[in-house]
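The values are calculated or read from the model by the stated rules, or taken from the named source; none is laboratory data. Note that the structure is a prediction, hence the values are computed from the model and not measured. Heads up, the Cβs are rebuilt from the backbone with ideal geometry, glycines too, and the neighbour counts pull from every protein chain shown.
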Amino acid sequence: MRYVLKLTKLGDAADKVVVVEVLAKRGQRIAAGQPLLLVETDKTTVEVPSPGEGTVVDILVAAGEEVATGAPTFAIEA
């Protein structure tokens, strides 16, 4: 089953963040809790973990991109 991961609200952070680094690669097998993105809020840098396991099918964001809460970030095959 394929699903799309969306950026969740990161605590009291702003509704938009900047992607500092994409930590997963297309075709990579990921585990629950594994960091997928490193993002920068107006106050800090935060790792965004995977909510589940699967294989990365597509990466929908890039380093340097500003991303809003709820935006699609990865397509995962479970």
Any chance Gly54 is touching a residue at least 24 places away in the same chain (Cβ under 8 Å) and surrounded by fewer than 14 Cβ atoms within 10 Å (Cβ to Cβ): no
Count of the range 58-69 residues which are closer than 11 Å to Leu5 by Cβ and more than 10 Å from the chain's Cα centre (by Cα): 1
Residue in the range 31-47 that is out of contact with any Gly (no Cβ under 6 Å at 6 or more places or on another chain), more than 18 Å from Lys9 (Cα to Cα) and surrounded by 12 or more Cβ atoms within 10 Å (Cβ to Cβ) present: no
Matching residues, the range 21-55, being part of a strand (DSSP E or B) and over 11 Å from the mean Cα position of the chain (by Cα): Arg29, Ile30, Glu40, Thr45, Gly54, Thr55
Of residues in the range 1-20 being assigned to a loop (DSSP other than H, G, I, E, B) and more than 11 Å from the chain's Cα centre (by Cα), the one modelled with the lowest pLDDT: Ala13
Residue that is modelled with the lowest pLDDT, among those in the range 56-78 that are in contact with a strand residue (DSSP E or B) (Cβ under 6 Å, 6 or more places away or on another chain) and in a loop (DSSP other than H, G, I, E, B): Ala78
